1. Please identify every one of the GluC sites (Glu not before Pro) in the stretch 7-95 that sits in a loop by DSSP and has no more than 14 other beta carbons within 10 Å of its own beta carbon.
2. Mind checking the stretch 103-166 for GluC sites (Glu not before Pro) that DSSP puts in a loop (not H, G, I, E or B) and that have at most 13 other Cβ atoms within 10 Å?
3. Which residue fluctuates the most in the chain, going by a Gaussian network model with Cα springs under 10 Å, if the choices are TRP76, TRP36, TRP25?
4. Provide the FRET efficiency to the nearest 0.05 for the LEU111-ARG51 pair, computing r from the beta carbons and using R0 = 41 Å.
5. Using only Cα atoms and rounding to the nearest 10 degrees, what angle (0 to 90) does helix 99-117 make with the longest principal axis of the chain?
6. Less than 12 Å Cβ to Cβ from SER143, Lys/Arg counted +1 and Asp/Glu -1: what total charge do the surrounding residues give?
7. Between the alpha-carbon centers of the stretch 59-80 and the stretch 39-58, tell me the distance in whole angstrom.
8. Run the numbers for GLU121 and THR29: contour at 0.36 nm per residue of separation, minus the present Cα-Cα distance, in nm.
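Since every read-out is calculated from the coordinates, none of them should be taken as a lab result. Since the structure is predicted, the reported quantities are computational estimates derived from the model, not experimental observations. As a convention, Cβ positions derive from the backbone with ideal geometry for all residues, glycine included, and neighbour counts pool all protein chains shown.
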Amino acid sequence: MKRWGMLAKAREAFGEHELSTIEEWNPKTKRGEYFWAKPGTSMYHAHIIFRPGTIIVYGDVQPNLIFRQYDLDLPWLRGSIGSPEYLFQKCGVQERYDSELTKEYAIDCLLNWLDERADEEGHLDGNEEKEHDRLVKLFEYTSWDEPESAIEFFSEFDTNPYEYLAETYEAAGLTYVLAALQTFIEKLDQEETL
């Protein structure tokens, strides 16, 4: 789904972060505690704490989250980090259709369509100009509050229209939490193999 389309940008925010181990992961006690931050700043820092059946993520990545279930631990996080929907379901965050983000994806589709067809000066030939006008009118008349209407718009492009329906979470900022957790796990795995 495109809902994680901003993930690459969010991951850039953690590119210079360093991992500080406060309490090393212990598989017997299911405990560990880490501080994930860029040296010299508290921007986008995260405390990541593991206790039996609990993972706590708090700091400058918002929202602060608590994952609670009897089997949640560092190996569980490693295994679930590739499935954001599953991961956030475990802390009770709900998804919803996001008409504004879907509309932004539609604008991207229109711009990509135009870039692929325009000549070096940005001109279209006669038939492509008519098609462009038709797509712009379709964009203007699409009811973005209705997912079915958005699907009709995206069906005009050579793509799976369902990939462009944006679903976001009630809590804003989860893309940065996901980026923090992914880059944290990558760094932790890298340090463990050294």
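1. Numbers: sites: GLU12, GLU16, GLU18, GLU23, GLU24, GLU33, GLU85, GLU95; in loops: GLU16.
Passing both the DSSP loop test and the Cβ count: GLU16.
2. Values: sites: GLU104, GLU116, GLU120, GLU121, GLU128, GLU129, GLU131, GLU140, GLU148, GLU152, GLU156, GLU163; in loops: GLU120, GLU121, GLU156.
Answer by residue number: GLU120, GLU121.
3. So, out of TRP76, TRP36, TRP25, the one fluctuating most is TRP76.
4. Given R0 = 41 Å and the Cβ-Cβ separation, E is 0.30.
5. Value to nearest ten degrees: 60.
6. Details: positive: LYS103; negative: GLU140, ASP145, GLU146, GLU148, GLU152.
Summing Lys and Arg as +1 and Asp and Glu as -1 gives -4.
7. Value for the Cα centre distance between the two parts: 10 Å.
8. Numbers: separation 92, 0.36 × 92 = 33.12 nm, distance 6.48 nm.
Going from the current span to full extension adds 26.6 nm.
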